[in-house]
Amino acid sequence: MSPTAASAVLIPGPIGDIDTLVDLPRGEARGIALVGHPHPLFGGANTNKVAQTLARTFVQLGYIALRPNFRGVGKSAGSHDNGQGESDDMLAVLDWARRQYDPAGALPVVLGGFSFGAYVQARVASRLKEAGTPVLRMVLVGTASGHVEGARHYVTDAVAPDTIVIHGSADETVPLANVLAWAEPLELPVIVVPGADHFFHRRLHILKDIIVRAWRD
């Protein structure tokens, strides 16, 4: 299933527009995918290559993929809110997508996130579960957890046991040990890509293959 070109859309959010890229699959969609990008104060945006790879992989799997820019990035209103406002905006994007593409409410929702975006998506999943509308599945890459580069500390929410967690062995931003410490009490497997840095340089194809194989399984 080949994707169409991404479209830029301004979606109304809690404090203003949310600058979003939308990728549509060819043919009937099997669900809605939301993708979160890395930290906006360190250059993160919805055009990030890992976020783009997540979106394109979801589209290949048949999902409508939406990549919002977090607050203060691109044309998105507001300023960085440490995950709270970003979670609110993700839910606003999901509401818009449901109205736009799934008025009957029949399509399942999946989440993908990279780095800070993975931290946000764990929060979003918790809120959807509390609301009685849990997501079908999640893919978290380079998940921000514990103390990471830049003197930031993340207490990452627990996620479902079938979450696909992928991390590079040579991640210089979020040490692998941080993610293992988060995953261990959850009995959550972590897929480690040997030699991969935080941004999966020259290994994006491996990232895609892992997700596609896991989805088929």
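The residues packed around Val50, meaning those with a beta-carbon under 13 Å from its beta-carbon, carry a net charge of +4 if Lys and Arg are +1 and Asp and Glu are -1.
Can you list the lysines whose alpha carbon is less than 26 Å from that of Lys129, not counting same-chain residues fewer than 8 positions off? Straight-distance partners of Lys129: none at all. Here, P(r) means the percent of Cα pairs in each 10 Å bin from 0 to the largest distance; for segment 92-217 it is 12, 43, 32, 12, 1. Summing +1 for each Lys or Arg and -1 for each Asp or Glu, what net charge is found among the other residues whose Cβ lies under 12 Å from the Cβ of Asp23? Counting the neighbours of Asp23, the net charge comes to +3. Out of every Cα-Cα pair that the chain contains, those further apart than 25 angstrom amount to 31 percent. When the alpha carbon gyration tensor of segment 170-217 is reduced to an equivalent ellipsoid, its three semi-axes come out at 19, 17, 6 angstrom, largest first. Can you bin segment 93-163 into rounded, prolate or oblate? Criterion: square roots of the alpha carbon gyration tensor eigenvalues sorted a ≥ b ≥ c, rounded for a/c under 1.5, prolate for a/b above b/c, oblate for the rest. Here segment 93-163 falls in the prolate category. DSSP finds beta bridges in the chain, and of those with both partners inside it, around 40 percent are antiparallel. Helix content alone sets the calculated 222 nm mean residue ellipticity of the chain: runs of n ≥ 4 DSSP H residues at -39500 (n - 2.57) each, divided across all residues, give -9500 deg cm²/dmol.
For Lys75, a cut-off of 29 angstrom between C-alpha atoms picks up these lysines, skipping any fewer than 8 places away in its own chain: Lys49, Lys208. DSSP beta bridges fully contained in segment 108-217 are about 20 percent antiparallel.
Loop-located trypsin sites (Lys or Arg not before Pro) across segment 160-217 with a Cβ neighbour count of 11 or fewer within 10 Å are Arg202, with loop assigned by DSSP.
A short reminder: the numbers here are calculations on the coordinates, not readings from a lab. Because the structure is predicted, anything quoted here is derived from the model rather than measured. Glycine gets a Cβ as well: all are built from the backbone with ideal geometry, and neighbour counts include every protein chain shown.
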